[in-house]
Each structure stands twice: as structure tokens, then as C-alpha cells.
1. Tally the DSSP beta bridges in the stretch 1-118 and give the antiparallel ones as a percent, rounded to 5.
2. Go through [x] 51, 23, 21; [y] 50, 22, 18; [z] 35, 28, 19 and flag the label whose value is the computed semi-axes √(5λ) of the Cα gyration tensor in Å for this structure.
3. Report, for the chain, the % of DSSP beta bridges that are antiparallel, rounded to 5.
4. Using alpha carbon centroids, what distance separates the stretch 166-229 and the stretch 381-417, in Å?
5. For the stretch 252-391, give the percent of accessible area contributed by carbon and sulfur heavy atoms, probe 1.4 Å, rounded to a whole number.
6. Quick one: grab the alpha carbon gyration tensor of the stretch 253-388, order the square roots of its eigenvalues as a ≥ b ≥ c, and give me rounded if a/c is under 1.5, else prolate or oblate depending on whether a/b is larger than b/c.
7. Taking only DSSP H segments of four or more residues, each worth -39500 (n - 2.57), what value at 222 nm results for the chain once the sum is divided by all its residues, to the nearest 500 deg cm²/dmol?
8. If you plug each phi of the stretch 102-107 into the Karplus form 6.51 cos²θ - 1.76 cosθ + 1.60 with θ = phi - 60°, what whole-Hz ³J(HN,Hα) values come out, in order, with x for Gly and Pro?
Amino acid sequence: MSIPDGVKGAPDRLPPEAAAFDAVEQAFLRTALTYGYQRIRTPVFEHTEVFSRGVGASTDIVNKEMYTFTDRGDRSLTLRPEATAGIMRAALEGGVPKAGGLPLKISWAGECFRAENVQKGRQRMFTQVDVEALGTDDPMVDAELVLLGWEALKAAGCGEVTLLMNNLGDPEDRPGYHEVLNAYLDGVGDLPAEVEERRAINPLRAFDSKAPGMAEVMDAAPLLRDHVNADAKAHYEEVCGLLADAGIPITQDPRLVRGLDYYTRTTFEYQVSTLGAQSAVGGGGRYDGLAEQLGYPDRFPGIGLALGVDRTLLAITDGATPDAAQRVRCFVVPATDDVRPAAFALVTRLRREGITADIGADRRRARAQFKAADRAGADFALVLGPDEVAQQAVTVKDLRSGEQTLVPEAELLAHVR
């Protein structure tokens, strides 16, 4: 019987790739923490209506991409295709709107699941880091969050990042604009069936269509930014002004709507040109009506962003492992069988001191252990033989320079840190 293959679109992360993956995720989370955003954890699945009501009926996510199943209690559950709707559900259920201390600033990291057409940069199981600010509509928080995403991508190692931004206005701006946009689309004639289906629910989705010829059609379409109210315009202008003051270059993209129905006002996307067609590594926007879509009776505004760990890693390395990946600092080499207890005590001491360390196993010869140290990316090989044990010392070999030094055990930590 052969071993079953892994599920298509659900990639394995083996060493050293997994370490590089973790390094990108941690760069995002550390940046969020410096901005005062605290971790939250939410379930990997929710009641299906959290996404069908929250994400939006006109989106490809809800229509085509959700992994939905019926559990033993005959309940419809869905693996999360994105994080924001579940985070908002958790905040509302936990009584956050009435608890005081707003805005609630939170970060989140985890896997999401969508039935995508698998290709480079697009998987069916992928990892995101989300950063959300709930309970505020202050444009300064919008600017803070957009800046946080920019800085997080830089901290992770992304070089040339392009920030696209747009103003989607408020829900009350939509009916008038929808009439204008639908009138334009009616004049085009012979639209693809998927566009006709989408526009019946939300005409803005026509901007997302990848059907042949639709990009050219939408290039000439009337723009939502010309139909937003004065307050929404002033809000957006303040956000852009604050970002400009922070030295962040903005590319205004009046056709940017992203793939979710809940966005209002500030909407943004980060792109890296080296990724080609799948150039977006993250983005987000304001969702002031999401709580109401989920059934909450009062207004509870929010804004969030999602950064893709998988795509960011591709943008940094195009498949290689970056230097930021975690590596073994010291590799202990027991030269003979009789020093194995002393070698084990040494590697334990190093680990307890916070130094990443490994040890040669299976009683291999020293030469094979040095090869293992190289494969682990170790900086130092610490050789322990009978002479070293007798002298209470360790032979330290710098695996970069090849230099070898006998170091007293009392001085070892200072030597290898």
C-alpha cells in the first residue's frame, strides 16, 4: 500500500522552509505589538452564516470558495476563508462594544481555507496575519493601520512595496452610484454571465472580474469616488495626509474594491511587482457596517488588514530560504562514546541559557557529525572528547571561518553567544 499524497493546495512546510515561514509571521506580529495590538485566537471554523452574512453574497469567497460541511448536529459550519468576520463575531459575542476601553486593537495569525485554483502564490490552505482596530472611526487609526502593514512588510524583508488606496465611501452612497454604474454596464451589452450574476447583487464586483475584456470595460466605468459624501471625502483626505506626512508613497487607484463586500471608506492593498500576476501580498479596509451585517443592533465601526505569509515569503526570496530563518547556533560533537553524558549535559546547559543547540546522535563519527552541523546551518561546532573533558574545556570550531579554539567551559557562553 502506497503512502497517500498530501491534499492539493495544502502545502507542507519542512525545514528549513518552515523556519523562514515562521520568521515572516513573527516579523508581522512583532510589528503589530510595537503598535499596541494584542493577540487574539479564534476557531478555525464558524457557523456558515458568519461568512455568508459578513463577507458578502456577491463575493467569489461565498459563492465558490468556502469549505462548508454539516456536522453531527446538522449545523452548517465553514472553515474560515478569512479572519475578520470571525474576529468581529468574537468581539460582539464577548461584549467588547459595551466593555469600554475602545478601540480594541488586536492581532491574529492562522490558516484560512478557500477552494482556489492552485498556482504559485495561491493555495487552498494559506496563512494570514490580521490586524484589527474595533470600535473607532478615527481617520488617524486608519493611517496607523495602513502604516503598520507597510512597516511589517519591510520588517519581513520585502523591498519594493506599492501601496494602492481608494475611498469606497459609505453605504448610503452606494444606491445612487449603483444606478450610474448599472446604466453604464447596460450600455456595454453582452457582459459575461459571471459579471451579470455579480452585478445583480453588488455592481462593484464588476471591477473584480477577470473575464476577457472586462478590464478595458471597467477602465471607462464611472468611479465611486466621484459619488461619495463630504464626510467620507474629508475622512479619506485626512488618512492620506497623515500617511504622506509619515513618508509613505500612495498610489491612488479609484478602481480598487478588493474582494469583500463589507469595505467602506478607506480601502488599500500592498503589491510587490516581483510576484507577477499575483502581486498582492496583503491589504484591507474599513468595515463600519460589518457588525450590523452580523446582526448587532448598534453601530460598531472597525478597520483591519490582512498580510499573506505565503505570498510575502515568495516576494522576499522567490522560493529560497532567507537569512532570517532560525538556525542552530551551536552543534555539540561528542568525539567518543564515553563522553556522551558530558556532551548531553553541555547541550542541555546551552539550551537552558537560551542558545539554540543540537547534538550529534546515533554514535556517528566526528566527520559525519560535522556534516550534520553544516546541514543545520550551525555557526559553531563544539567538540567534546576525553582531552576536553579532562581539561574542563571545549574545542570550538567556527564553521564560517574554520578557526578552531580551545575554550574553558567557564568562558564558553561568552564565546558563542
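The values are calculated or read from the model by the stated rules, or taken from the named source; none is laboratory data. What you are looking at is a predicted structure, and each value in this text was computed from that prediction instead of being measured. Cβ: placed from backbone, ideal geometry, glycine included. Neighbour counts: every protein chain shown. Accessible surface is based on the protein model in full, side chains and every heavy atom, while ligands, DNA and RNA are left aside. Shrake-Rupley method; radii C 1.70, N 1.55, O 1.52, S 1.80 Å.
1. Expressed as a percentage, antiparallel bridges in the stretch 1-118 total about 75.
2. [x]
3. Just about 80 percent of them are antiparallel.
4. 69 Å
5. 47 percent
6. prolate
7. -10500 deg cm²/dmol, from helical runs alone.
8. Once θ is set to phi - 60°, the couplings for the stretch 102-107 become 7, x, 8, 10, 9, 10 Hz.
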